[in-house]
Structure formats: C-alpha cells, structure tokens
Amino acid sequence: MKKSFVLDTNVILFDPQAIHKFGSNEIVIPMVVIEEVDRFKRDMSENGRHARQFSRAMDGLRASGDLAKGVQLPNGGSLVVELGTSESILPSELDMHKADNRILAVILTLKKENPRRPVVFVTKDINLRIKADALGMQAQDYEPEDREPDELYAGHRTLQVDGALVDEFYSNKRLSLSEEICEQNSVKMAHILPNEYMIIKDSANPTHTALARYSKELESMVPIYKPAEGLWGIFPKNVEQSFAVDALMNDDIKLVSLLGMAGTGKTLLAIAAGLVKTVDEGFYHRLLVSRPVFPLGKDIGFLPGDIEEKLNPWMQPIYDNIDFLFGATGSKGRRGAGKGGQELMNQGLLQIEPLTYIRGRSIPQQYLIVDESQNLTPHEIKTIVTRAGDDTKIVLTGDSYQIDNPYVDSNNNGLVYLVERFKAESISAHISLKKGERSKLSELASQLL
C-alpha cells in the first residue's frame, strides 16, 4: 500500500532532493513549509543554497500539472502541495499560529480524509516527533539508514588462523583469503571489503600475530607499510595507528577517512604523512590542510585584522600540530625550531586555509587534509571530494562525538555519510581509532566525560 510522507522544513533544508527519496509513494509539502523555505532563499549559507535549489525544483514541477492536485515524480511517486485546513482540529493547547502546529494539523486532516492510507511525518526536529507521536501520528527522522558511530564500519577486523598461515604470510609477504579462513571466523567472503585491515592471529598462540591489508585485486592479505624512521619523527603507537599510517602513505588509496575520539592521533598522523609525501618524496605538489569554521560554544564576536589574522584562531589547532612536527613543542630543548613551517608556506609546499572558499576550485596533485569533518553536512562533503583533480589524495578526519554544527548529529554528519558510501570502493580506506595517545588525562576525559 502506498504511503503519504509529509516533509518538514528542516528535511528540505537538510536535503533539497528529499522529495525523490521515498520511492513511488506520495510526498506532501504543506504550504507552511513553502513559506518557511522562502524565508531562507536569500541566505548565503548552506540552508540558503538548499532553499533555492528546492524552489527551482518545485518550479520545474509546475510544468507537469497542478501542484495542489498533485504531479508525478520521475521515480514513480507523486507530489502535492497541501494548503492546510481552515478549522482547527488540534487540541486547544497547541497554538495554530505556530508553523509546527499547522504542519501537524495538515497531517491530521490527511488522516481524516483518507483513513486507510498510512501517513508518515518526516522531520529532523526531535520535539516535533514527540508531539506528533502524542497525537497518534507516525513520525520518523529523515535518515532511515542512520548508524550510530559505534555501529559504523571500523575498517579493520581480527582473523584467527592456524599458526602455519601466519608463518606463510611472513615468508611470502602474502596470504590468500580462502573460504576456509572465512568459515573459521564466521564471516562471508563478500563481507570482506577492499583495503580492510586485518590482525592475523595464531589461534593457538595469541602473541603470534601479523598486520595486513586486504587487496581486492590480489584477493589476498598483504603486509602494511612500516616506516623505519617514522613520519617526521612520529611512530605509530598502536595497531590502529599502524593501519592509519599504511592508508595515509599508500598512493593507490585516494580517499582516507579517520574517525576517532580526541587524542587518538588522527590529525597529527595525517599531517606527518602529508609532509613526507609532499616535502620529502615530492609525490604531491602541495600539502593543503583545511577545516570548517565552527566555534566551540559562544564565539567572541568579530575579530580584528586582515583575513590571515582573522583565521589564525580557527586554524591554530593545525598550527599546533605543525609546530609539534617541526620540534617547536615536540621535544625539550628545541624551542624555535618550528620556523620551518613558515618556510614551507613561503615556498608553496604547505597551505593552511578554511573550507569557506573551496567551492568551485579544482585541486590537482595535492595532499588535502580536512580536519574536523564531522561538522560538515553530506552535501558539503560531496562538494569537497568532487574538488579532487588528477593525483590528489583526500584525508578526512573527525570525531562524531564532538560536533559543533547545530544542523548535523553523530549519525548523519558528512563524515559518517562518506564512510558508509565509500567503504566498498577500492580507492578508499577507513580506520576507526579507539585508543587515545595524547595523554592519560585526555583519554580518561574522552571516556568519562
């Protein structure tokens, strides 16, 4: 049976293509939603762009018929703009002058006019879903495929094998992933993804282990990259960081996502690998490090100075990592050694900038690191990744539990969106880092607070 999906304004502003995401069912847009979207169309923000995109799509649908009576959508569904009701069918406690309550009135009217057709209210407003449920309505979030961060693809797994196979791996630098190994670990071959990392463990001797990456082309597990001299003095401190280093240094992997709590080494490892690939090896022309501009809590108003001076406070976490790698704060007795970072910027090998101006750019032969990418929407993530030119590598880092953007949350932000959609691609790799290495205090704070 077909359903009627009533979309809230926040759904349209989150995804202007939402009207095409419900199959052959009926999409209902209350007139009050059109009015609310209209108020955003002049904004220069992401909401403004989405409002304008939605308005253009609705204007195009007018050619197909009368929106008030319903028009056909390309996917087989239909769309109708509901004018609402003149009589209040809501409880007296709900003010009909409020837009949210007028949307609820539209839903109750639809249920009254056609009791046999299921009506589903789709909104990202938690309180509005509660109100809808109290009125006997079926309400849901827009993201039906949301995953909690703990349920997200981790990028690595442990395989128990016979000790002889571990020795074979060390001897041949390769180990075929057989059906026998998969059956022994209760996993299907089809569920092993490209560039998934493995801890190969001797089932009889837990200390007899090897670290590997699954190569889809070879259908085998291959050894990971282990830097003999570290990455600018940085050595991986745990298994997950070892996996991350391999992904960051592998030129065949063009997209790397690192997800982990504060202090797991995401940004430091990414910048260190980028410096090796750019400055030492010259494989990329430039290391470009960027991050979205979102304050933690209330900001301090307008900042004085030119654009570089205004951006310094936002980019300071990146500068801190650069200084650490150059030894300004990384080791005792080396104060002032961090001047090399400015020299690299002057030579054009290193560039640090906000994401504000990335739209419309083409970025070829660069090592692009996007820090704090959990604050980005799926659309913004798409905008960034589509900037990649020839021979460009993109590294996205973030922590889904530290989000400052009010329009996304831990399970629908752009970083989580990208991980789920790229996990089966052979040019991408993902690692979830769990163990904090910044300090004992930092790790305890991440776990307890």
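Annotation: MET189 fulfils all but one of (1) buried (at least 19 other Cβ atoms within 10 Å of the Cβ); (2) touching a helix residue (DSSP H, G or I) at 6+ places or on another chain (Cβ under 6 Å); the unmet one is (1). Among the residues making up the range 50-74, those that are surrounded by 13 or more Cβ atoms within 10 Å (Cβ to Cβ), touching a helix residue (DSSP H, G or I) at 6+ places or on another chain (Cβ under 9 Å) and in contact (Cβ under 8 Å) with a residue 40 or more places away in the chain are HIS50, PHE54, ALA57, LEU73.
When the range 433-449 is filtered for residues that are crowded, with 22+ Cβ neighbours inside 10 Å and hydroxyl-bearing (Ser, Thr, Tyr), nothing remains. Every residue in the range 77-91 that is of a type in the set (Ser, Thr, Tyr) and assigned to a loop (DSSP other than H, G, I, E, B), please. Correct list: THR85, SER86, SER88.
Matching residues to (1) of a type in the set (A, V, I, L, M, F, W, C); (2) out of contact with any helix residue (DSSP H, G or I) (no Cβ under 8 Å at 6 or more places or on another chain); (3) under 30 Å from ASN10 (Cα atoms):
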| position | (1), (2), (3) |
| --- | --- |
| GLU343 | no, yes, no |
| VAL370 | yes, no, yes |
| ILE381 | yes, no, yes |
| LEU396 | yes, no, yes |
| GLN402 | no, no, yes |
| ASP409 | no, yes, yes |
| LEU418 | yes, no, yes |
| SER426 | no, yes, no |
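Of the residues THR392, THR397, THR383, the single one that is among the polar types (S, T, N, Q) and crowded, with 22+ Cβ neighbours inside 10 Å is THR397. The number of residues in the range 194-213 being under 17 Å from SER178 (Cβ atoms) and of a type in the set (Val, Ile, Thr) comes to 1.
Let's see how each residue does on (1) at pLDDT 90 or above; (2) within 10 Å of the chain's Cα centre (by Cα); (3) of a type in the set (S, T, N, Q); (4) not assigned by TED's automatic domain parsing to the domain that holds THR267:
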| site | (1), (2), (3), (4) |
| --- | --- |
| GLN347 | no, no, yes, no |
| SER362 | no, no, yes, no |
| GLU372 | no, yes, no, no |
| LEU396 | yes, yes, no, no |
| ILE427 | yes, no, no, no |
| LYS434 | no, no, no, no |
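Residue selection: PHE22 satisfies the criterion of being among the aromatic types (Phe, Trp, Tyr), crowded, with 16+ Cβ neighbours inside 10 Å and over 22 Å from LEU376 (Cβ atoms). Against the criterion of being in a helix (DSSP H, G or I) and surrounded by 18 or more Cβ atoms within 10 Å (Cβ to Cβ), ARG102 qualifies. Give GLU93, GLU26, GLU35, GLU46 a once-over and let me know the one that is within 24 Å of GLN140 (Cα to Cα), touching a strand residue (DSSP E or B) at 6+ places or on another chain (Cβ under 7 Å) and either in contact (Cβ under 8 Å) with a residue 60 or more places away in the chain or not aliphatic (A, V, I, L, M) (or both). Of GLU93, GLU26, GLU35, GLU46, the one residue that is within 24 Å of GLN140 (Cα to Cα), touching a strand residue (DSSP E or B) at 6+ places or on another chain (Cβ under 7 Å) and either in contact (Cβ under 8 Å) with a residue 60 or more places away in the chain or not aliphatic (A, V, I, L, M) (or both) is GLU26.
Residue check: GLY282 meets all listed conditions (1) in contact (Cβ under 8 Å) with a residue 40 or more places away in the chain; (2) in the same structural domain as ILE427 (by TED's automatic domain parsing); (3) in a loop (DSSP other than H, G, I, E, B) but one, namely (1).
From the list LEU108, LEU175, LEU159, the one residue that fits, being of a type in the set (A, V, I, L, M, F, W, C), surrounded by 15 or more Cβ atoms within 10 Å (Cβ to Cβ) and either out of contact with any strand residue (DSSP E or B) (no Cβ under 6 Å at 6 or more places or on another chain) or within 19 Å of VAL33 (Cα to Cα) (or both), is LEU108. Here the condition is being polar (S, T, N, Q), touching a residue at least 40 places away in the same chain (Cβ under 8 Å) and outside the structural domain of ALA424 (by TED's automatic domain parsing); of ASN205, ASN172, it holds for ASN205 alone. Would you point out the residue of the range 194-221, among those that are in a strand (DSSP E or B) and in contact with a Gly (Cβ under 7 Å, 6 or more places away or on another chain), that is nearest to PHE243 (Cα to Cα)? Only one residue fits best here, namely TYR197.
The values are calculated or read from the model by the stated rules, or taken from the named source; none is laboratory data. Keep in mind it's a predicted model, so treat the numbers as computed, not measured. With ideal geometry, Cβ positions are generated from the backbone for all residues, glycine too; neighbour counts draw on all protein chains shown.
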